[in-house]
Every structure is written in C-alpha cells, then in structure tokens.
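Comments concern the structure below.
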Amino acid sequence: MAETDNIAKIAELLAQKLFGRFIWFDTGGWNQNWKCVKDDHVSKRRVKKAPKNPSGGGGSDAVESAANTSETDEAAKSVKILSHPSDVVFYYDEPYRLVRTYVNTDLKSYKKGSITSTAIASAIESLALTLECAELSEEWREKFVHDEKSYEIAGLLFIYNHDGEYDKDFDQILAKVNHEKLKIPKDSKIFIFGPSHIRWLDNIRHDLSGLYSEHVLPHEDQWSFYYPDLVRKKKIQDSGRAATLEMLSDPYIVLSYPSFESRSPGYVVYYRGSGKRAEEFLYLLDHLTHYQMVKSGIDIRIRMLAAEENAPAKFSRAVDEFIENFDGENSDLAQLLRAIKCD
C-alpha cells in the first residue's frame with residue numbers, strides 16, 4: 001500500500017511543480033472528496049456471482065470455488081455514487097475575459113501496461129460526472145472558489161507514466177472513447193494530457209529554469225505567457241499571465257518578458273513540431289509576423305525540445321523563403337527575421 005501511495009505522490013509533486021511554472025495556483029485542498037448532488041450519478045461495478053455448491057455444504061470447497069471464480073462469473077451492478085474526488089483544483093485568470101478558471105484535476109500515475117483504452121475511458125467518464133456535479137455543488141464551491149471573481153470550471157485528466165516506458169500513440173486510445181456517453185456540462189471542457197504531452201510540458205519547465213539560471217530570462221515574477229490583441233477580443237486582465245489550458249494544448253507556447261539588466265525584452269517560443277520540413281516554419285514565421293511580435297529591439301528565441309538534428313538549418317531555409325516571398329533581402333523585416341535564434 002505504501003508503494004502505491006508513493007507512486008500516486010509522484011504525480012502530485014510533478015503536477016504542482018509543472019503547473020506552478022506555467023503560473024497556475026492551487027487552492028490548497030489536495031485529495032478532497034465532496035458529496036455527489038446528482039441522483040442519476042451511478043457507476044458500474046463488477047461483482048462476483050454467488051458460487052454454486054451442488055453439495056449444499058460450506059467449508060473449504062466453497063471457499064476455493066469463490067476464489068477461482070472467473071470474469072465470466074461476474075456481473076455488472078449499478079451503484080449510486082456518494083461522493084466525487086478532487087485530487088487538486090488549480091486556478092488562473094483568463095486573459096481575454098473577466099473570469100477565473102478552476103481546473104478540477106484528476107491525477108493518474110500508471111505504469112506502461114495500465115494505460116489501456118478501458119482504463120482511460122473509465123477515468124474520462126468519472127471526470128465528466130465530477131465536472132457535471134461540481135457545476136451544481138455548493139460544497140465544491142465553498143471548498144475551492146474565491147467569492148470575488150466570476151468563474152468557470154474545467155476538467156483535466158493528467159495521465160502520468162511513472163515507469164517512463166509508455167511509447168504508444170495515446171491518441172489511438174482516446175479515439176476509442178465513446179464521447180456520446182460523457183455527461184459534460186454545456187460550455188464546459190475536459191482536457192486530457194497523456195504521457196508524451198506531460199513529457200513535453202515538463203521539458204519546457206526544465207528549460208525555463210535553465211534559461212533563468214543563465215540570465216536569459218528575468219525573475220519569473222516578470223514573466224507572462226503571451227496573448228496578443230485579436231480582432232474580436234483584447235487582453236483585458238493584467239492578472240491573466242498564466243498559460244491557459246488552451247495554450248498548453250497548442251503547438252506553440254509563447255512566453256513574454258520585459259527588459260532587465262540592460263537586456264532587451266523578448267519572447268521565448270516553444271514549438272512542438274519535429275522540424276523535418278522548412279514548410280513547418282513558414283507557418284510559425286507567419287504567426288510571429290501576423291501578431292506583430294517581430295519588432296526592432298525585441299529578442300525572439302525559438303526552442304524545440306524534441307526536434308530532429310537539422311531543424312535549425314530547416315528554419316534558416318524557411319527564413320530565406322519567407323523573406324524572398326515578402327519584402328526582400330534588403331528590408332528591415334529581413335534583418336529582424338535573421339536575428340531570431342532557433343535552438
């Protein structure tokens with residue numbers, strides 16, 4: 001039992017460090033259970049059928065018969081759910097809306113062989129019920145919500161592979177989940193971070209710490225994940241500095257920082273692509289220029305943590321093509337694009 005507890009604790013420690021780096025905060029209540037308020041919330045449980053004992057006697061034969069009962073001798077039984085779990089509830093402020101998002105998080109720590117479509121589907125269904133109930137529960141609100149803010153609730157299923165050996169396509173498992181069975185409240189969302197996704201985010205966490213120790217970045221109090229003003233929405237919350245669930249699900253994660261110690265302000269752009277083709281970077285360069293991030297006096301670093309060896313060379317080729325297709329070699333934009341660092 002102690003070993004199981006320690007394995008679960010690993011996921012807790014990782015989640016706390018990981019999301020703290022992305023400027024999430026936890027509400028302080030870890031591993032909390034709260035009362036279910038939905039009468040139709042039931043779970044299917046496998047129960048052993050009573051063993052047949054033709055002799056009508058008890059004793060060791062009956063005990064052995066029960067012990068050897070196979071799965072074919074099991075039946076599904078609907079059991080009313082009495083409570084829901086919240087392993088941890090994180091929160092952050094939205095950049096484009098005057099809303100605080102609370103992330104009811106289900107932390108799973110599985111070894112390679114336990115990451116199956118059945119296990120994941122069951123975890124998603126359970127989290128969907130939890131999210132549906134949290135939307136209605138006064139107890140949940142009293143435990144986790146700050147009264148001064150309007151809020152929304154999202155669900156996060158965090159699938160950590162504690163033995164580090166899972167190498168399959170997690171998306172194939174998700175494709176087998178029957179989404180029609182999920183009772184997700186209207187306008188609410190569930191996000192699922194599988195083993196490779198968590199590894200990618202944790203690599204970013206390590207890299208940010210390294211850049212800070214090398215004085216490439218200022219103190220983390222001055223960081224802000226970047227949300228440009230869009231056509232139909234502007235950034236309206238200064239407190240909206242965190243990397244939202246949507247950003248953490250995107251192929252680009254962009255950190256913004258001000259000038260410090262005579263260094264220029266800038267951006268660190270984490271790109272999840274492989275960098276196998278120059279065409280990949282044309283989309284990235286278009287993104288940077290479209291949102292007016294490429295400016296004089298602004299440093300830009302593109303960081304690829306799982307790219308192929310020749311990716312920086314492919315990026316340089318993409319810069320050449322981008323310049324040729326737009327303002328030309330002698331333009332100010334060309335000089336700014338060539339100053340972008342790609343590692």
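The values are calculated or read from the model by the stated rules, or taken from the named source; none is laboratory data. Source: prediction; values computed, not measured. Heads up, the Cβs are rebuilt from the backbone with ideal geometry, glycines too, and the neighbour counts pull from every protein chain shown. The protein model used for the area step is the full one, side chains on, heavy atoms only, and it has no ligands, DNA or RNA in it. Shrake-Rupley method; radii C 1.70, N 1.55, O 1.52, S 1.80 Å.
Only residues in region 256-269 that are farther than 10 Å from L217 by Cα and open to solvent by less than 30 Å² (accessible area, probe 1.4 Å) count as the first member; pair them with residues that are in a strand (DSSP E or B) and among the hydrophobic types (A, V, I, L, M, F, W, C), Cβ under 9 angstrom, at least 6 apart or cross-chain, and list the lot.
V269/I253; V269/V254; V269/L255; V269/I300; V269/I302
Select from region 117-147 the residues that are open to solvent by less than 50 Å² (accessible area, probe 1.4 Å), outside any helix (DSSP H, G or I) and closer than 20 Å to Y92 by Cβ and list them in ascending order.
V145
Residues in region 331-342 that are out of contact with any Asp or Glu (no Cβ under 7 Å at 6 or more places or on another chain) and open to solvent by less than 80 Å² (accessible area, probe 1.4 Å): how many?
Residues flagged as out of contact with any Asp or Glu (no Cβ under 7 Å at 6 or more places or on another chain) and open to solvent by less than 80 Å² (accessible area, probe 1.4 Å) within region 331-342 amount to 6.
Within region 148-180, how many residues turn out to be hydroxyl-bearing (S, T, Y) and not in a loop (DSSP other than H, G, I, E, B)?
Going residue by residue through region 148-180, those that are hydroxyl-bearing (S, T, Y) are 150-151, 160, 166.
Narrowing the set further to residues that are not in a loop (DSSP other than H, G, I, E, B) leaves 151, 160.
Residues meeting the conditions: 2.
I'm told L285 meets every condition in (1) in contact with a strand residue (DSSP E or B) (Cβ under 9 Å, 6 or more places away or on another chain); (2) within 22 Å of V216 (Cβ to Cβ); (3) in a helix (DSSP H, G or I) except one. Can you identify the failing condition by its number?
(1)
Tell me which residues, restricted to region 178-201, are open to solvent by less than 30 Å² (accessible area, probe 1.4 Å), of a type outside the set (F, W, Y) and under 17 Å from D167 (Cα atoms).
G194, P195, H197, I198, L201
Determine whether G328 is closer than 30 Å to R199 by Cβ and either open to solvent by less than 40 Å² (accessible area, probe 1.4 Å) or modelled with pLDDT of 95 or more (or both).
No: the conditions fail for G328.
Restricting attention to region 318-325, does a residue exist that is surrounded by fewer than 20 Cβ atoms within 10 Å (Cβ to Cβ) and part of a strand (DSSP E or B)?
no
Look at region 84-100 and say how many of its residues are assigned to a strand (DSSP E or B) and open to solvent by 10 Å² or more (accessible area, probe 1.4 Å).
4
Which residue pairs have Cβ atoms under 8 Å apart, sit 6 or more places apart or on different chains, and have a first residue in region 171-187 that is in contact (Cβ under 8 Å) with a residue 60 or more places away in the chain and a second that is in a helix (DSSP H, G or I) and loosely packed, with under 10 Cβ neighbours inside 10 Å?
Listed pairs, sorted by first residue: none to list.
Could you tell me which residue of region 217-236 is nearest to H287 (Cα to Cα), considering only residues that are open to solvent by less than 20 Å² (accessible area, probe 1.4 Å) and over 22 Å from the mean Cα position of the chain (by Cα)?
Applying the filter and picking the extreme gives L217.
Scan (1) farther than 19 Å from Q292 by Cβ; (2) outside any loop (DSSP other than H, G, I, E, B) for the single condition S256 breaks and write down its number.
The failed condition is (1).
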